[in-house]
Amino acid sequence: MLKNFALKPPFFEIGPKSYLYGDDVLKLALIADAAAKKYDVDVIFTTPVVDIRRVAEATERIYVIAPHMDPLKPGRGLADTLPESLVAAGAKGVMLNHCEKMVSLAALAATIRRADEVGLATIVCTDTSAESAAVARLKPNIIVAEPTDLIGSGKVSDMDYVKKSIQTVKEIDPDIFVLQGAGISSGADVYRVIFAGAEATGSSSGIINAPDRAAMVDEMIGSVRKAWNDRHSKT
């Protein structure tokens, strides 16, 4: 694991995507930071690029992650996202291949190599178990296993998918963390996925659309801790 990305399971990811911007992104980051401290759960906060610096400077316990980057090196590349610029802004890692920003396997391999060069952790989204297997061979730090058709649906992956995707990745590289995403909309959803064997989960619309975002963040991150403790107390 990278020196600046020493997170440990269980952990949780929050991604405001483009639901929020400006001050609202910072407010949510501060809420996540407080919950991370309260429950001793590491939190990844996938921050819009323009807000990375101020979120990184205002928080202590969350891992600030960029939503995308390009594999270019310093020089020409107007409007591309330079890896070195993310490091300079305070990012600890980068999310790649989300269904809203998909890249080819060849581009993904090149981008992971560039991230390794500059010290950014890589979090790669996959849909099927076959895709998870292909990505695991590229050695990212984290794979986000989430069926594309469930993202934002409020429906959670079935437990067979959860267990199979974890097994697929761990058989190739046991050091890769597996985050189970898609459709997480309550603390109960979080509990079921973590208790079933996931090292992490996360939510975007489930938090953003909640009547009380702070309460939902607290509920979800609290459920991560409870499920993890309950799971390990039975082993």
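The values are calculated or read from the model by the stated rules, or taken from the named source; none is laboratory data. For clarity, every value in this text was computed on a predicted model and none was experimentally measured. Heads up, the Cβs are rebuilt from the backbone with ideal geometry, glycines too, and the neighbour counts pull from every protein chain shown.
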How about region 7-72: which strands (runs of 3 or more DSSP E) wholly inside it have at least 1 residues that are within 16 Å of Ala91 (Cβ to Cβ), at pLDDT 95 or above and polar (S, T, N, Q)?
42-46
Restricting to region 6-26, name every residue that is loosely packed, with under 14 Cβ neighbours inside 10 Å and either over 23 Å from Asp175 (Cβ atoms) or of a type in the set (Lys, Arg) (or both).
Lys8, Ser18, Tyr21, Gly22, Asp23
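Residue-wise test of (1) within 17 Å of the chain's Cα centre (by Cα); (2) buried (at least 16 other Cβ atoms within 10 Å of the Cβ).
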{"residue": "Thr47", "(1), (2)": "yes, yes"}
{"residue": "Arg76", "(1), (2)": "no, no"}
{"residue": "Pro83", "(1), (2)": "no, yes"}
{"residue": "His98", "(1), (2)": "yes, yes"}
{"residue": "Ala121", "(1), (2)": "yes, yes"}
Give region 208-225 a look and list any residue that's surrounded by fewer than 16 Cβ atoms within 10 Å (Cβ to Cβ) and of a type in the set (D, E, K, R), or say none.
Asp212
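May I ask you to verify whether Arg192 is surrounded by fewer than 17 Cβ atoms within 10 Å (Cβ to Cβ), among the basic types (Lys, Arg) and under 24 Å from Asp160 (Cβ atoms)? If you could, list the steps in order and put the result at the bottom.
Numbers: surrounded by fewer than 17 Cβ atoms within 10 Å (Cβ to Cβ): no; among the basic types (Lys, Arg): yes; under 24 Å from Asp160 (Cβ atoms): yes.
Judged against the criteria, Arg192 is not a match.
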Can you tell me which residues in region 216-235 are within 20 Å of the chain's Cα centre (by Cα) and farther than 16 Å from Leu179 by Cα?
Met216, Val217, Asp218, Glu219, Gly222, Lys226
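Filter region 59-111 down to the residues that are touching a residue at least 60 places away in the same chain (Cβ under 8 Å) and within 21 Å of Ala29 (Cα to Cα) and list them by number.
Passing the criteria: Lys92, Gly93, Met95.
On the basis of being under 20 Å from Leu20 (Cα atoms) and surrounded by fewer than 17 Cβ atoms within 10 Å (Cβ to Cβ), does Asn229 make the cut? Give the steps one after another, and end with the answer.
Details: under 20 Å from Leu20 (Cα atoms): no; surrounded by fewer than 17 Cβ atoms within 10 Å (Cβ to Cβ): yes.
No: the conditions fail for Asn229.
For region 124-131, state whether one or more residues are aliphatic (A, V, I, L, M), modelled with pLDDT of 95 or more and surrounded by 20 or more Cβ atoms within 10 Å (Cβ to Cβ). Break it down stepwise before answering.
Initial filter on region 124-131 (aliphatic (A, V, I, L, M)): 124, 130.
Add one more test, that the residue is modelled with pLDDT of 95 or more, and what stays is 124.
Narrowing further to those that are surrounded by 20 or more Cβ atoms within 10 Å (Cβ to Cβ): 124.
There is at least one residue in region 124-131 that is aliphatic (A, V, I, L, M), modelled with pLDDT of 95 or more and surrounded by 20 or more Cβ atoms within 10 Å (Cβ to Cβ).
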Just to be sure before I move on: is Asp149 surrounded by fewer than 17 Cβ atoms within 10 Å (Cβ to Cβ), closer than 14 Å to Cys125 by Cα and either modelled with pLDDT under 90 or of a type in the set (S, T, N, Q) (or both) in the structure I sent?
yes
Which numbered condition Ala91 fails, given (1) among the hydrophobic types (A, V, I, L, M, F, W, C); (2) within 19 Å of Glu13 (Cα to Cα); (3) in contact with a Leu (Cβ under 6 Å, 6 or more places away or on another chain)
(3)
Tally up the residues in region 115-133 that are of a type outside the set (D, E, K, R), assigned to a helix (DSSP H, G or I) and closer than 17 Å to Phe177 by Cβ, please.
4
